[in-house]
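J.: Below is one structure. I have some questions about it.
Where a number appears in this text, it was derived from the coordinates with a stated rule and is not lab data. Just so it is clear, the structure is predicted and the values come from calculations on it, not from any experiment. Neighbour counts are summed over all protein chains in view; Cβ atoms, including those assigned to glycine, are modelled from backbone coordinates with ideal geometry.
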């Protein structure tokens, strides 16, 4: 490989590296009980406050989201990708919406 082709390879490698870092920062979702909301540090979440969470129909579960490292308050809870959480909330039998 000559020096002329080395520079594009380095640039592509750096771009791909940044792309993979962005993918690692994808938003993650966790289902929690409303009673747990007061113990969450919303500065570590992409959900901005307890008033902006999405509740299920019965209001006994809600969604919070974050990017990057899992906040300690959510350790041990099931984390979902965007596709996984959409499959859950878009299925009427899971109780996240009702037919009108």
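J.: Determine the pairs where a residue that is without any contact (Cβ under 8 Å) to a residue 24 or more places away in the chain, located within the stretch 45-71, has a partner that is assigned to a loop (DSSP other than H, G, I, E, B) and surrounded by fewer than 17 Cβ atoms within 10 Å (Cβ to Cβ) with Cβ atoms under 7 Å apart, the partner being 6 or more residues away or on another chain.
T.: 46/27; 46/67
J.: Hey, another quick one. Could you grab me the full set of residues in the stretch 48-74 that are within 14 Å of the chain's Cα centre (by Cα) and farther than 9 Å from residue 29 by Cβ? Working first, answer last.
T.: So the first thing to find is which residues in the stretch 48-74 are within 14 Å of the chain's Cα centre (by Cα), and the list is 48, 53-54, 62-71, 74.
Once the filter is applied, which keeps residues that are within 14 Å of the chain's Cα centre (by Cα) and farther than 9 Å from residue 29 by Cβ, the stretch 48-74 yields 48, 53, 54, 62, 67, 68, 69, 70, 71, 74.
J.: For the stretch 30-54, what are the residues that are in contact with a helix residue (DSSP H, G or I) (Cβ under 7 Å, 6 or more places away or on another chain), surrounded by 12 or more Cβ atoms within 10 Å (Cβ to Cβ) and not in a loop (DSSP other than H, G, I, E, B)?
T.: Answer for the stretch 30-54, where residues must be in contact with a helix residue (DSSP H, G or I) (Cβ under 7 Å, 6 or more places away or on another chain), surrounded by 12 or more Cβ atoms within 10 Å (Cβ to Cβ) and not in a loop (DSSP other than H, G, I, E, B): 30, 37, 50.
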